[in-house]
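Below is one structure, written out as structure tokens; comments come after it.
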Amino acid sequence: MKVTLASQAGYCYGVERALRMTDEAVKNQKVPIFTLGPIIHNPQVVESFKALGVNPVMNLDKTEKGTIVVRTHGVDPLIIEQADQKGLSIVDATCPFVANAQQRAAELVEGGYTLIIIGEKEHPEVIGILAHAQGQAVVVEKVEDIPKSLRGKSIGVVIQTTQPLENFQQIVAGLAALATELKVFNTICGATSRRQHSAKKLAEKVNVMIVVGGKNSANTSRLAQICEATGTRTYHIETSKELKAPWFKKVDTVGLTAGASTPEWLLKEVVEAIKEFN
Ligand code: SF4
């Protein structure tokens, strides 16, 4: 049985950087250490940080001392201000691609544009971008959401970093039909689409696909859907313990991929466990 790993799988640049910064905080910063929300959507990684004394909190209401780590999605600048006022140390692990979208959004509002943020209304990254734009933006998830009241306006656009390019293109085309002026920043980061593309290509060639990553990770679940859509039998697991021998019966080729929040050690464990079924 041949096991092949997708050419793009596992940690992206922003996640790797955030985890490195959290590791450094454990060594060098004031304790206790908190992350605003889980540092990444991977229960095994969150648990390993808990063992080092790093705990997720949803807000700063009960946090009076120590260090707060801002995760890759970024936050409302008011939260940084609140942390500062409380005398907390701040480790800002906002992904630079997200920070770019936040900055562009703020610039567009300052420049007098009606700001459109393309993305999911409830996603923490979109909430953070909206806050950087002082709440003066319309969040558009899909082309049908574009308000007709935008006709004749000067419109500025940024997009949630993990959105698909096709959605961006459709919505920008819809806005172009209404606007008198349109200023667009393509703030998509590409890590997500590269992982999706390579997972699809691999799924088309193998008998079984294994997708490794948090069940609470939207990007890992999306990878599993994409693989399944190719018609190849696909299993989404968090750890090697979930693998089952019957999945690999009469199977010659297995493909493996992982979301941007899946650590390499989990992937290696899965590869070793699959080989044991041989
Ligand atoms: S997916 Fe892209 S924007 Fe998001 S954390 Fe990774 S590198 Fe940054």
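What to note about this one:
- When the P(r) is computed for the chain, the part past 23 Å accounts for 58% of the Cα-Cα pairs.
- Crossing angle, helix 13-28 versus the chain [Cα axis fit, 0-90 degrees, rounded to tens]: 90 degrees
- Pairs with C-alpha atoms separated by more than 27 Å, drawn from the list 244/268; 201/244; 65/215; 50/200, are 65/215; 50/200.
- Placing a pseudo-label 7 Å from each Cα along the Cα-to-Cβ vector at residue 170 and residue 120 gives an inter-label distance of 1.7 nm.
- Using a Förster distance of 41 Å, the FRET efficiency for residue 229-residue 81 (Cβ separation, nearest 0.05): 0.40
- Spin-label pair residue 2/residue 277, simplified geometry with 7 Å Cα→Cβ offset, distance in nm: 1.8 nm
- Volume per residue of the C-alpha convex hull in segment 97-184, rounded to whole Å³: 79 Å³
- Rule-of-thumb Rg ratio for segment 102-254 [Cα; 2.2 N^0.38 Å; N residues]: 1.32
- Built from the Cα atoms of segment 72-144, the convex hull projects on average onto 5.2 nm², one quarter of its surface area.
- Equivalent ellipsoid semi-axes - Cα gyration tensor, segment 237-278, angstrom: 19, 10, 9
- Taken along the Cα-to-beta-carbon direction at a fixed 7 Å, the label points for residue 31 and residue 145 span 4.3 nm.
- Helix-only CD estimate at 222 nm, as mean residue ellipticity for the chain, using -39500 (n - 2.57) per DSSP H run (n ≥ 4): -12000 deg cm²/dmol
Just so you know, all these numbers are worked out from the coordinates, no wet-lab data involved. Please read these numbers as outputs of a predicted model, since none were measured by experiment. Because the Cβ atoms are built from the backbone with ideal geometry, glycine has one as well, and the counts that use them run over all protein chains shown.
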